[in-house]
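These notes are about the structure you will find just below.
Nothing in this text is a laboratory measurement; each read-out follows from the coordinates by a stated rule. Quantities reported herein were computed from a predicted structural model and do not represent experimental measurements. Cβ atoms come from the backbone with ideal geometry, glycine included; neighbour counts cover every protein chain shown.
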Amino acid sequence: VSEEIPFVAGPLVDHHCHGVVLRDLDRASYESLMNEGAGAGRWTGTPFDSMLGLAIRRHCAPLLGLEPHADPEDYLVRRAELGHEEVGRRMLGAARLDVLLVDTGFVPEPLSSPADLAELAGDRVRVHEVLRLETVAERLLAAGASPAGLIDAVGRRLVVSGAVGAKSIAAYRSGLELPGERPRDADVARAVASLRPRDDGTFRVADPIVQAALAWTAIESGMPLQLHVGYGDSDVDLIRCDPLLLTAFLRATAPYGVPVLLLHNYPFHRHAAYLAQVFDHVFMDLGLAVHNTGPMARTLVAETLELAPFGKLLYSSDAFGLPELYLLGSLLFRRALSDVLIDLVSTDEMSADDAVRIGSLVLRDNAVRAYGLAVR
Ligand SMILES: [Zn+2]
């Protein structure tokens with residue numbers, strides 16, 4: 001997808017993505033996976049009537065052998081004829097990915113594993129795992145971990161897992177106002193002890209003290225910490241997901257020098273860019289927002305680069321469920337970034353050499369540095 005796009009032809013690291021579904025999808029199921037909404041609605045109509053819908057019809061239809069802008073119904077019929085495995089191979093193959101960091105902690109139905117994704121995406125792709133802190137804690141609790149030992153057990157699990165990062169979904173559960181100091185052990189043990197299993201024996205960690213302790217544990221383990229920020233499904237109270245709520249936590253964790261990576265950020269991407277400027281250990285991306293804003297993603301990239309240091313912006317797709325989202329994330333982000341760089345070069349605000357260098361920082365080098373990935 002990238003040969004013809006100036007300044008962004010190099011290797012791509014997708015530092016936050018998920019598996020794809022392992023089944024053929026009818027129209028209702030497909031539409032429910034397109035964006036963070038609930039699918040088609042009485043008043044919403046079809047999610048195809050959106051920037052993402054336009055992008056699927058324009059850029060994904062030709063990969064299925066259809067004309068650009070194919071009708072949604074024709075697209076879905078053709079998709080069903082090919083089957084989900086073939087569609088996955090075509091979309092991920094065309095996305096021109098090099099490294100994937102896969103969040104394996106959200107599996108509402110069977111999804112492709114990191115190894116499956118690598119197979120779909122082609123030989124040269126390497127995959128790494130990112131552990132979701134709450135999921136690790138919930139599994140340890142279900143397995144009988146003691147309340148007093150839970151956080152240490154999570155820390156040990158992070159260290160031995162081989163994962164390259166940890167992820168917190170505090171935004172979804174208790175909000176982003178994480179404290180500026182590690183919660184006291186006695187308070188954490190009390191909060192953990194008050195968690196009760198569901199009828200089936202599983203746990204849901206949604207306590208602010210426990211979630212804060214988990215985030216602090218990642219920092220103290222030296223594990224790069226991803227935080228969900230901003231845009232998400234209707235479980236998120238978006239008003240509690242402004243990254244500026246993280247200020248005390250970021251100020252307190254700065255001395256550790258462990259990267260904190262703010263995911264998605266929309267519509268607070270300018271707030272995130274500010275934090276990336278003033279805190280040396282803060283990085284950010286525009287995952288999820290890029291494919292949802294489709295052809296308008298260029299504005300997001302331009303607004304982010306108003307303040308974000310060039311060494312702090314990373315690429316992620318936040319693809320989940322539909323392989324189309326891997327392709328669109330890659331294609332639309334490369335184009336958006338390229339458009340912004342072309343503008344700066346054409347007005348002589350930036351040299352072409354700098355544009356190539358900055359393109360490579362954002363697409364790959366920043367992620368390689370933040371996660372300590374081996375370079376090939
Ligand atoms: Zn995600």
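Alpha-carbon geometry of region 47-149: the Rg and the Dmax are 18.3, 60 Å, given in that order. Averaging the sequence gap over all C-alpha pairs within less than 8 Å and six or more residues apart, then dividing by the number of residues, gives region 171-234 a relative contact order of 42 percent.
The relative contact order of region 253-376 comes to 23 percent, based on Cα pairs under 8 Å that sit 6 or more residues apart.
Distance from the alpha carbon centroid of region 96-144 to that of region 322-351 works out to 27 angstrom.
For region 251-303, build the convex hull from the C-alpha positions and give me its volume per residue in Å³.
On the way: hull volume 3.4 nm³, N = 53.
Here the figure is 63 Å³ per residue.
Label positions at Asp199 and Ser146, each projected 7 Å from the Cα along the C-beta direction, are separated by 3.2 nm.
Sorted by mean Cβ packing within 10 Å, highest first, what order do the peptides 220-228, 31-39, 284-292 take?
Values: 220-228: 22.2, 31-39: 16.7, 284-292: 27.9.
Packing proxy ranking, top to bottom: 284-292, 220-228, 31-39.
Please work out whether region 187-262 counts as rounded, prolate or oblate from its C-alpha gyration tensor, where a ≥ b ≥ c are the square roots of the eigenvalues and a/c under 1.5 means rounded, while otherwise a/b larger than b/c means prolate and anything else oblate? In terms of gyration-tensor shape, oblate.
Computed over the chain, relative contact order equals 21 percent, with contacts defined as Cα pairs under 8 Å that lie 6+ residues apart.
For the chain, modelled as a GNM whose springs connect Cα atoms under 10 angstrom apart, the maximal fluctuation among Tyr30, Tyr231, Tyr256 occurs at Tyr256. In this calculation the C-beta distance from Leu22 to Phe310 is compared with R0 = 41 Å, giving a FRET efficiency of 0.60. Amide H contacts of Val282 (H built 1.01 Å from N, in plane; Pro and chain starts excluded): Val260 sit under 5 Å, all sequence-distant by 5 or more or on other chains.
Rank by packing, highest mean first: peptides 17-24, 352-359, with packing defined as the count of other Cβ atoms within 10 Å averaged across residues. Kindly include the intermediate steps, with their values, before the conclusion.
Working: 17-24: 19.1, 352-359: 16.8.
Packing proxy ranking, top to bottom: 17-24, 352-359.
When Rg and the Kirkwood Rh are both derived from Cα coordinates, the Rg/Rh ratio for region 1-94 amounts to 0.98.
The helix-only estimate of mean residue ellipticity at 222 nm for the chain, built from DSSP H runs of length n ≥ 4 each weighted as -39500 (n - 2.57), is -12000 deg cm²/dmol after division by the residue total. In this rough spin-label picture, where each label sits 7 Å from Cα along the Cβ direction, the Ala80-Glu109 distance is 1.5 nm.
Rounded to two decimals, what is the ratio between the C-alpha radius of gyration of region 193-331 and 2.2 N^0.38 Å?
Values: Rg = 16.2 Å, N = 139, 2.2 N^0.38 = 14.3 Å.
Cα-based Rg divided by the globular estimate yields 1.13.
In plain terms, the C-alpha convex hull of region 134-247 casts an average shadow of 7.2 nm² when viewed from every direction.
Please give the per residue volume of the convex hull enclosing the alpha carbon atoms of the chain, rounded to a whole number of Å³.
Values: hull volume 52.2 nm³, N = 376.
Once divided by residue count, the hull of the chain is 139 Å³.
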